[in-house]
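Scroll down for the structure; my scribbles are underneath it.
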Amino acid sequence: MQYASIEDVEQYCGFTSLTEPERGLVDTLITVASGMIDAECGRRFGIPEGEAATTRTFTIANGLLDPKYGDTLWLDEDLYVVTSVATVDPLATLTWLPQLPPYYAIKRDYGPWEDPTTITGFWAFSNQPPATIVNTTARLAMWLYHQREAVQSMGNTVNAP
């Protein structure tokens, strides 16, 4: 998912008249910058439009279900929207931690989690990226854009803008 638009980058950088090839480059750099942010932060900051809910299976074998935590299931990623939780005991009462998304754990009212437990939902920090992530993406895309002008001199010194 792109965390900023071409217009966000144009506004942030003060660009007034990008050509179509330059707009295409900026669009690509926004995608690259968004991926760099995901990799550095270890999370997704938005749910792409039209993306379907995905299911994760928590088992002892895959290491995502640890019996030593008993009634608490620690999620391996942020969970913003939950569509279903499938366990052997459908009558168990679940408490989401924290009370508002993104969730990082689920607590049962009694007993350990069944192996396997599946959770279906949208795995991300938020529905739309926060303003700080949009701004960071625009800034990083701008930096990447200017790196195309970097030149190497004869003495193996890199001159960067």
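The values are calculated or read from the model by the stated rules, or taken from the named source; none is laboratory data. Only a predicted model underlies this, so the values are computations on that prediction, with no experimental measurement involved. When we count neighbours, we look across all protein chains shown, and the Cβ atoms used for this are built from the backbone with ideal geometry, even at glycine. Please note that ligands, DNA and RNA were not included when accessible areas were found on the heavy atoms of the full protein model with its side chains. Shrake-Rupley method; radii C 1.70, N 1.55, O 1.52, S 1.80 Å.
A few points about this structure:
- The set of residues in the stretch 1-60 that are surrounded by 14 or more Cβ atoms within 10 Å (Cβ to Cβ), of a type in the set (A, V, I, L, M, F, W, C) and part of a loop (DSSP other than H, G, I, E, B) comprises MET1, ALA4, PHE15, LEU18, PHE45, ILE47, ALA53.
- When restricted to residues that are part of a loop (DSSP other than H, G, I, E, B) and not small (Gly, Ala, Ser), the stretch 61-110 contains 19.
- Pairing each residue of the stretch 93-119 that is touching a residue at least 60 places away in the same chain (Cβ under 8 Å) with any residue that is basic (Lys, Arg) and part of a strand (DSSP E or B), provided the two are 6+ apart or on different chains, yields C-beta distances under 6 Å for ILE119/ARG56.
- Per-region count, the stretch 9-60, residues polar (S, T, N, Q), touching a Ser or Thr at 6+ places or on another chain (Cβ under 9 Å) and under 16 Å from LEU144 (Cβ atoms): 1
- Once the stretch 111-125 is narrowed to residues that are modelled with pLDDT of 95 or more and either part of a loop (DSSP other than H, G, I, E, B) or farther than 30 Å from THR83 by Cα (or both), the residue that is most open to solvent (accessible area, probe 1.4 Å) is PHE125.
- If the condition is being open to solvent by less than 40 Å² (accessible area, probe 1.4 Å) and among the hydrophobic types (A, V, I, L, M, F, W, C), then the stretch 126-137 contributes ILE133, VAL134.
- Flag set for ASP38, criterion: under 16 Å from the mean Cα position of the chain (by Cα) and closer than 22 Å to ALA141 by Cβ.
- The set of residues from the stretch 82-92 being in contact (Cβ under 8 Å) with a residue 24 or more places away in the chain and out of contact with any Gly (no Cβ under 8 Å at 6 or more places or on another chain) comprises VAL85, ALA86, THR87, VAL88.
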